[in-house]
Each structure stands twice: as C-alpha cells, then as structure tokens.
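What follows draws every value from the coordinates through simple rules; no lab data is involved. It should be emphasised that the depicted structure is a prediction, and the values quoted were computed from it without experimental measurement. Positions of Cβ are backbone-derived with ideal geometry, glycine not excepted, and every protein chain shown enters the neighbour counts.
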Amino acid sequence: MQLCAFGCLLAFSPADATPVDFTPHLHVGNVDGGVPIFEFTQGNQVILYRPPLGWGCVRSGVGAEVQPKQEGTSVQAEISHQDSVRATNWDDEGLKILRERAKALIPAIAKDVKLDGELRNPLRINGHETIEYAFSGMMLAKAYRFYVLLLPYDGEQFTFTLFADAKEFDKAFQTFDASLYSLSWEARREVSK
C-alpha cells in the first residue's frame, strides 16, 4: 500500500485523562550509537520514543513535531494527546467513529479525500492492538496519501500524524512506521538528591 501522509491515533479509556507534556527530553539511559530516545511525561509515567534516524523532535503547541531534518521535504509528522474517545468496541459503530476521527486528522486543505483501506492489527504498540486507515487526496496541487493508525488504550487518545506528497511518502512511511515500535510507557523514576 503506497501512502503519502501518515496519522496514527491512539485511543485510550478513562474520561479524566492526564495531560501529556510533549516537551521532548533526552532519556537518561540514551545510548545506541547516537540515535536519541526522547521521553514525554504524563503524570507519574514517561512515554519513551525513538524517532527515525535523521529526524528531529521538538515541542509544537499541544504535541511534538517529528520530522526529517533535510531541507525542502514535504514530510511532516506530529504526536499529540487529545480528549478521550469512547469508541473502545471494535464493532461496526465503533469502527465508524474511529474512521471519522481518523479522517478528521487529515489537514483541512486536503481535497477529494477518499478511504483506500482499513487493516486490523498491522502492528502492536506497547503490547496493544491497532487499526490502520489509508486515505488519499490532493493537497497543495499534488497527490497525497494519508495513513492513520489507531491504538485503543484505556480511553485516552494519542494522535500520530505524518504527511508528505506521494513521491516522498513510501520511504517516510516505512521509516516512521518502524519508529512506532519504540514507543513504551514506564513509571517515572524519582531522582535522588
């Protein structure tokens, strides 16, 4: 499946979700040949994430931008945390809600957006099931493809989005998709003084 924009939505469960601080901090145990591991904080937990090699991670509004560092690329990605989505059942009605939520993540300037595919459990993130949706459309007078991955997890919603024009998407998608395997949640460690 060729795609040109990637969005990854993680749907979590309790209505009183703890906000996430997406200021990327270099993880204390960061080693592995110069590939950084960033941590974001959420209450008494940290979310660990290793972006693709050659990509940066900076805070952006309510999320973190994750993008290639090269000039002139159309590839853009963001990780953000949103209010709870109560579509925890994967029945027809729940899938319809998730599909609509995923489509809403596509930039508003995209035109002629259509659903190209839906796949359950293409990968597991932190041991949880996922569902992906592929969309395509036109943006900035170019063909774009959009991919949205949903991960139900205790009622909160994390959103991962990536988009680029069709010529850049395949490589960006493979690289970004592989980075999602690095996501993990850990208890926050207290620093002794």
Item checked: Residues listed by number, segment 103-138, amide nitrogen under 19 Å from His27 label point at 7 Å toward C-beta -> 124-128
Notebook entry, point to check: Between Glu186 and Leu119, what length in nm is gained on full extension when 0.36 nm per residue of separation is reduced by their alpha carbon distance?
Noted result: 21.3 nm
Next item on the list: Find how much the distance from Asp92 to Val58 grows on full extension, using 0.36 nm per residue of separation minus their present alpha carbon separation; answer in nm with one decimal.
Entry: 8.5 nm
Next item on the list: Could you calculate the contour length gain from Thr41 to Met138, that is, 0.36 nm times the residue separation minus the distance between their Cα atoms, to one decimal place in nm?
Entry: 31.3 nm
